[in-house]
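The values are calculated or read from the model by the stated rules, or taken from the named source; none is laboratory data. These figures come from a predicted structure and were not determined experimentally. Virtual Cβ from ideal backbone geometry, glycine too; neighbours counted across all protein chains shown.
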Amino acid sequence: MERNDPGTPVRILGEEYRIAGASPDRVRALASFVEEKFLELQAARPLVDIKRLAVTVCLNIAEDLYQERTRRNAEDGNAVGRVRRCRERLEDVRAEDCRPEGSTSLSGSA
């Protein structure tokens, strides 16, 4: 992005902001997401001041991100385990294929 680019204009809770650093479509989508979160919480807590509401929105979004990362890390761990077991099975098959004919494996099969 060029230094003199003022960014993409967006409105959140009636205030205009200019956000730089990402594609305009991405900035608008993120701004819409944030505004939805604000409106959702504002409807549930109409008497909360804007600063406290902003902190609550940030914490809710952070919690969503944390849960998603935790879920993804667990899935990655499961995938690593499956890959390791597949590799071990392949090594077992390869080892059996390399045995001279007539020899037996530890399990007693030829």
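Would you confirm whether or not the stretch 11-18 contains a residue that is assigned to a helix (DSSP H, G or I) and at negative phi?
No: zero hits.
Suppose we filter the stretch 34-50 for residues that are in a helix (DSSP H, G or I) and either under 12 Å from the mean Cα position of the chain (by Cα) or over 20 Å from Val10 (Cβ atoms) (or both); how many remain?
2
Any residue in the stretch 69-81 that is more than 28 Å from Thr8 (Cβ to Cβ), at pLDDT 90 or above and of a type in the set (Ser, Thr, Tyr)?
Yes, that holds for at least one residue.
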